[in-house]
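Below you'll find the structure, written out as structure tokens, and then a few comments.
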Amino acid sequence: MDKREKIIRLWFDMWLQKKDLGIEDIFSDNVLYIESWGPQYHGVAKVKHWFEEWNTRGTVLQWDIRQYFHKEDQTIVEWYFKNTMDDGRVEGFDGMTLVKWTAEDKICFLQEFGCNEHRYDPYQDGPVPKFRDEQAMWF
């Protein structure tokens, strides 16, 4: 499991450093990568292109791993993520990633799930819910 955790940490570190430190070494050729808000990338070449292109528009400020769960050929990672985009937007959220591995310990499937970090109790003031008047997050 330690090898798989190191691979995931390497992927997160690539984003923090804005540098490809071996994308083709950690993903299978036919990987499917699904972001929490909808985009998906088929194949390692598309993942590499997305990584390089995204890093021209934004910067990952923080990607902290909280814990891992392993079961057979799958790993779940709980994390906190924060980035800033060149237009000034700053985004932060909690998330989880489901990873499926090949027999050679390459990532063949990765799906992200996000959770708004700005949580609240809509029943704080009584039995009738009061929801914030704001647009829901994109995930």
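Key figures for this structure:
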| read-out | value |
| --- | --- |
| Set 58, 43: member being within 16 Å of the chain's Cα centre (by Cα), small (Gly, Ala, Ser) and modelled with pLDDT of 95 or more | 58 |
| Residue within the range 111-120 that is surrounded by 10 or more Cβ atoms within 10 Å (Cβ to Cβ), modelled with pLDDT of 95 or more and among the hydrophobic types (A, V, I, L, M, F, W, C) present | yes |
| Positions within the range 63-85 being of a type outside the set (Val, Ile, Thr), in a strand (DSSP E or B) and surrounded by 13 or more Cβ atoms within 10 Å (Cβ to Cβ), in sequence order | 63, 68, 70, 74, 78, 79, 80, 81, 82, 83 |
| Tally, over the range 100-128, of residues that are acidic (Asp, Glu) and closer than 27 Å to residue 42 by Cα | 3 |
| Matching residues, the range 86-121, being in a strand (DSSP E or B), without any contact (Cβ under 8 Å) to a residue 60 or more places away in the chain and of a type in the set (Gly, Ala, Ser) | 92, 95 |
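The values are calculated or read from the model by the stated rules, or taken from the named source; none is laboratory data. None of the values given here were measured: they were computed from a predicted structure. Here the Cβ is made from the backbone with ideal geometry for all residues, glycine too, and neighbour counts use every protein chain on show.
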